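Here the structure is laid out as structure tokens; the discussion comes afterwards.
The values are calculated or read from the model by the stated rules, or taken from the named source; none is laboratory data. Quick caveat, the model's predicted, so the values are computed rather than measured. Cβ sites come from the backbone with ideal geometry, for glycine too, and all protein chains shown count toward neighbours. Note: accessible area is taken over every heavy atom of the protein model, side chains too, but ligands, DNA and RNA are not part of it. Shrake-Rupley method; radii C 1.70, N 1.55, O 1.52, S 1.80 Å.
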Amino acid sequence: MSNEKPTRKLMHTMRQAIRWGDMDVLGHVNNTVYFRYMESGRICFLEEAAGEFNMQGEGPVIVTAYCTFIKQLKYPGEIEVRTYAGAPGRSSFEVTHEISLVDAEGKADVVYAEGGGKVVWIDFKKEKSVPLPEHLRSVLPAA
């Protein structure tokens, strides 16, 4: 078994403020909000790479999602979400994210959470997977 990490490519980076409403009663960002942060990064990447989604046509769905919480995020603050993509299969690819807190110097070097999921391209009406569009496949890393 190989210890090599799968091939991945940085696809998108975004920053956003931690909102007051992102916190829970314990005073840190609620676990479910991390999935929203990742969703925002994933959607921005996919819209840039594949265009806006037409719910009458084809587009992405997530079939798995996970997150590892490394450090607690708290309000106020700003985060950076880095979105990576893995090599494509016929109709799917892995997407991973790193969520970092932006420090006083504007750097986002410390990862507070990492996660990801599997994106499958589907025909929305048929609810069946279809091959990834060539324009999306062309920006993903080679296998």
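Here are the numbers:
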| read-out | value |
| --- | --- |
| Selection count, the stretch 34-62, where residues are surrounded by fewer than 17 Cβ atoms within 10 Å (Cβ to Cβ) and not charged (D, E, K, R) | 11 |
| Pair list, Cβ < 7 Å and 6+ apart or interchain, from the stretch 28-48 residues that are on the phi < 0 side of the Ramachandran plot to residues that are of a type in the set (G, A, S) and open to solvent by less than 40 Å² (accessible area, probe 1.4 Å) | Y34/A113; Y34/G115; M38/G115 |
| Identity of the residue in the stretch 80-128, of a type outside the set (A, V, I, L, M), in contact (Cβ under 8 Å) with a residue 24 or more places away in the chain and more than 23 Å from P141 (Cβ to Cβ), that ends up surrounded by the most Cβ atoms within 10 Å (Cβ to Cβ) | Y112 |
| A65 vs. criteria open to solvent by less than 90 Å² (accessible area, probe 1.4 Å) and within 23 Å of S129 (Cα to Cα) | yes |
| Index of the failed condition, G21 passing every other in (1) open to solvent by 50 Å² or more (accessible area, probe 1.4 Å); (2) closer than 18 Å to D109 by Cα | (2) |
